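Below: the structure, in structure tokens.
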Amino acid sequence: MRAVQRSGRAVVTGGAGFLGSHLCEALLDDGWQVVALDNFLTGAPGNVAHLAQRPGFELVHCDVTENMYVRGDVDLVLHFASPASPVDYLELPIETLRVGSVGTERALRLARDKGARFVQASTSEVYGDPQVHPQPETYWGHVNPIGPRGVYDEAKRYAEALVTAYRGAHGVDTGIVRIFNTYGPRMRPYDGRAIPTFIRQGLAGEPLTVAGDGNQTRSVCYVDDLVAGILALARSGHPGPVNIGNPQERTVLEIAEAVVAATGGRSRIDFVERPVDDPEVRRPDTTLARAELGWEPKVSWEDGLRRTVDWFAHALSRSA
């Protein structure tokens, strides 16, 4: 494995999104120059507005499925462009498939042409509704390709295959990170994922809508920990795939109850119909990340939830 240099010039596709914006900020803090590419389909310029005046940061309005030209040297390409919440990819199925296929290939070509390290944002959704628990990187998954979630799941599975092909056929220095459920500041209140939905509802004193009986499990990771794991993979030269996520498993009902307490305890919990192909369990096996990257999450659930609720309270008060 060839370790990438500690700093240089990085391109982040989807750089104005939730995860992308945090990656841009962390890279700048580490001394990198950063070019953020985004078409603002699900990201927003406001997510990186606080970075606009920092030396070495550039935000470019760009659809990576149509064109992707970056002048000058590039040392690292982080491909994070994609709708990522069910609300988004169910409304944007073709766009989701295209950014996972055409967008991934354009980003790989950029890395190939520039001689850059390439990191692909994959997802725990490649495991589908898993029949192996917890999920190691060696598990091939249990995905319904024609179900409503298939546009996202299969886009990411195809992207992993394409990244692997470019590594073998063109010698591109690639890495694949499989991201498990992540939460934190800059999530959109109406993006449809459980934690931002619960926090928005709780802050408004509305009922929290829990799908099914709430006994399905998730393992949620605070965004700062996730970004640290991604950058550890980028610096390592490891090809992956590597699971990055918090291995502490909680039921969705337990997550909702914690949010009720953190938002003032005014809300009741209502149970609603469970989405089609909603995974029954989700928990990463992070043995590989610990062994190869020296990474494990540090932010506790209680601390991460408090930080996220505080950010949402401020953001929602400004938009009221």
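The values are calculated or read from the model by the stated rules, or taken from the named source; none is laboratory data. Quantities reported herein were computed from a predicted structural model and do not represent experimental measurements. No Cβ is skipped: glycine too gets one built from the backbone with ideal geometry, and neighbour counts run over all protein chains shown.
Could you tell me whether segment 265-272 includes any residue that is surrounded by fewer than 21 Cβ atoms within 10 Å (Cβ to Cβ), of a type outside the set (Lys, Arg) and under 22 Å from the mean Cα position of the chain (by Cα)?
no
What is the one condition in (1) of a type outside the set (Gly, Ala, Ser); (2) in contact with a strand residue (DSSP E or B) (Cβ under 8 Å, 6 or more places away or on another chain); (3) farther than 25 Å from residue 239 by Cβ; (4) at pLDDT below 95 that residue 68 does not satisfy?
(3)
Looking at segment 71-98, which of the residues that are modelled with pLDDT under 95 and aliphatic (A, V, I, L, M) is nearest to the chain's Cα centre (by Cα)?
84
I'm told residue 68 meets every condition in (1) surrounded by 20 or more Cβ atoms within 10 Å (Cβ to Cβ); (2) within 20 Å of residue 187 (Cβ to Cβ); (3) more than 18 Å from the chain's Cα centre (by Cα); (4) not aromatic (Phe, Trp, Tyr) except one. Can you identify the failing condition by its number?
Going through (1) surrounded by 20 or more Cβ atoms within 10 Å (Cβ to Cβ); (2) within 20 Å of residue 187 (Cβ to Cβ); (3) more than 18 Å from the chain's Cα centre (by Cα); (4) not aromatic (Phe, Trp, Tyr) one by one, residue 68 breaks only (2).
I'd like the full set of residues that are among the hydroxyl-bearing types (Ser, Thr, Tyr) and more than 30 Å from residue 118 (Cα to Cα), limited to segment 214-265.
Listed by number, the residues that qualify are 217, 251, 263.
I need the full set of residues from segment 250-269 which are touching a residue at least 60 places away in the same chain (Cβ under 8 Å) and not β-branched (Val, Ile, Thr), in order please.
Scanning segment 250-269 gives 256, 262, 264, 266, 267, 268.
What are the pairs, 6+ residues apart or on separate chains, where a residue within segment 157-176 that is in contact (Cβ under 8 Å) with a residue 60 or more places away in the chain has its Cβ under 6 Å from a residue that is hydroxyl-bearing (Ser, Thr, Tyr) and part of a strand (DSSP E or B)?
Partner pairs satisfying both residue conditions: 160/122; 167/174; 176/122.
Consider segment 149-189. How many of its residues are outside any helix (DSSP H, G or I) and either of a type in the set (A, V, I, L, M, F, W, C) or closer than 22 Å to residue 219 by Cα (or both)?
Of the residues in that region, 16 qualify.
Could you list all residues from segment 287-302 that are part of a loop (DSSP other than H, G, I, E, B) and either at pLDDT below 95 or out of contact with any Lys or Arg (no Cβ under 9 Å at 6 or more places or on another chain) (or both)?
294, 295, 297, 298, 300
How many of the residues in segment 218-249 are closer than 21 Å to residue 278 by Cα and crowded, with 18+ Cβ neighbours inside 10 Å?
9
Considering 152, 139, which residue is without any contact (Cβ under 8 Å) to a residue 24 or more places away in the chain and of a type outside the set (Asp, Glu)?
One residue alone meets the criteria, 139.
Quick check: anything in segment 215-231 in a loop (DSSP other than H, G, I, E, B), among the hydroxyl-bearing types (Ser, Thr, Tyr) and under 19 Å from the mean Cα position of the chain (by Cα)?
Yes, the conditions are met somewhere in segment 215-231.
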